[in-house]
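Read through the structure below, which is laid out as structure tokens, and then see the notes.
Each reported figure results from applying straightforward, stated rules to the coordinates on display, with no laboratory input. Keep in mind that what you see is a predicted model, and the values were worked out from it rather than measured. Neighbour counts are summed over all protein chains in view; Cβ atoms, including those assigned to glycine, are modelled from backbone coordinates with ideal geometry.
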Amino acid sequence: MKNWKWMVTAAALAALAGCATKKGFEVPGYAFGCPVGDTKVSSMDDLVKAKTVNEGRRSTVQATEMRCARTGDLLKIDANLNNDSKSVKRMSYKFRWIDREGMRAWEEESWKPVMLYDNSNLMINTVSPTNKAVDFRLILRSDE
Amino acid sequence: MKPARTLALAVIVSAALAGCAKETTRYGDSRGVETVTNQFGSTDLQLMAESMARSMNQAPIIASANLPIVTVQEVRNKTSEYIDTRAITDSIRSELQKGGKVRFAVDQAAMNQQVEELKRQQSDLYAKDSAAEMGRMVGAQYRLEGNIVSIVKQVKDTKDVYYKLNLQLWNIRNGLLEWSDEKEIRKTTTRG
């Protein structure tokens, strides 16, 4: 009988754990603090894929992680760029800001050139220029 | 004789070709990465202005206050080259103004024009009821100033330039430093 009670408790706990909110997805429409709207995002890879755009020459440097937070009424973004090659890579990035209606919330930013050492990571960060910007895209291009 | 004639012909053809060289003008991306030389350029100006404006927007005094009034003072050029520092502060001011978190009071550079316009409106040419009155200008609560420095190193085929822009936001009433930040840029040019 004791064994039976223990099994019921274990089953209940397992069921509760299954229903628990996944870390980074506590707020509907947000993943890891970043606005995702109706886009289906269930992992960090999904989020990075949804928010990153390659333009011009494709860079071998890839965004691997992205996290967002609110600072006052502005959106703060941290993104990790990874260079897993054995050579130094040069590339540029910029953020594109989108407003509530899906239109540009800010003029096109300037490209920011960066250098990544071989087999290394670079954390880039920014903050939205205006509180009208509720969404963003990270644009990458190779400078090589 | 023959080599001399060939040489002369080659010189004439080269000169003609040089004279007829086609000049092309195209529009480019004003926000693209410019690496024509390693002197201070448009990309450096844009990077510095954007970085500083975004940083200042997050400063507690700007984020929490109700549209603080700022005046832009001089950014001293301590580099070895000519840099229009006014262009940097103008870009920062534009970005902050568009962000809608700061208001700007007339600065020293524009003061003469402001006073001249006030005086003009006070003249008999203007209707008194709609003319701007004297003594109504609003003083700034904060002043923005800073400096830009560079370190240049050069050996035979390599030139390395390092720029650092430092900006500070001072509280005019109590003299406290409310915000400060730096933006660094390094550029290296190698020949061959």
Taking every DSSP beta bridge with both residues inside the protein assembly as shown, roughly what % is antiparallel (nearest 5)? 85
Considering lysine pairs in chain B that are 8 or more places apart or on different chains, how many have Cα atoms under 18 Å apart? 11
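Show me the chymotrypsin sites (Phe, Trp or Tyr not before Pro) within the range B:53-134 that DSSP assigns to loop and that have at most 14 other Cβ atoms within 10 Å of their Cβ. It would help to have the intermediate numbers written out before the result.
Numbers: sites: B:Tyr82, B:Phe104, B:Tyr126; in loops: B:Tyr82, B:Tyr126.
Hits after loop and neighbour filter: B:Tyr82, B:Tyr126.
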Going by average Cβ density within 10 Å per residue, which order do the peptides B:24-34, A:74-84, A:99-109, B:62-72 take, highest to lowest? A:74-84, B:62-72, A:99-109, B:24-34
Check the straight Cα-Cα distances from A:Lys40 and name the lysines below 30 Å, setting aside those fewer than 8 residues away within the same chain. A:Lys22, A:Lys23, A:Lys49, A:Lys51, A:Lys76, A:Lys94, A:Lys112, A:Lys132
Name the GluC sites (Glu not before Pro) in the range B:127-192 that are in a loop by DSSP and that have at most 11 other C-beta atoms within 10 Å, would you? B:Glu133
Please determine, in degrees from 0 to 90 and to the nearest 10, the orientation of helix A:2-19 with respect to the longest principal axis defined by the Cα atoms of chain A, where the helix direction is its Cα long axis. 20
Normalise the Cα radius of gyration of chain B by 2.2 N^0.38 Å (N = residues in it) and let me know the number. 1.57
Shielding score for A:106-113, defined as the mean number of other chain Cβ atoms within 10 Å: 6
Taking chain B and counting helices only, DSSP H stretches of n ≥ 4 at -39,500 (n - 2.57) each over all residues, the nearest-500 ellipticity at 222 nm comes to -12000 deg cm²/dmol
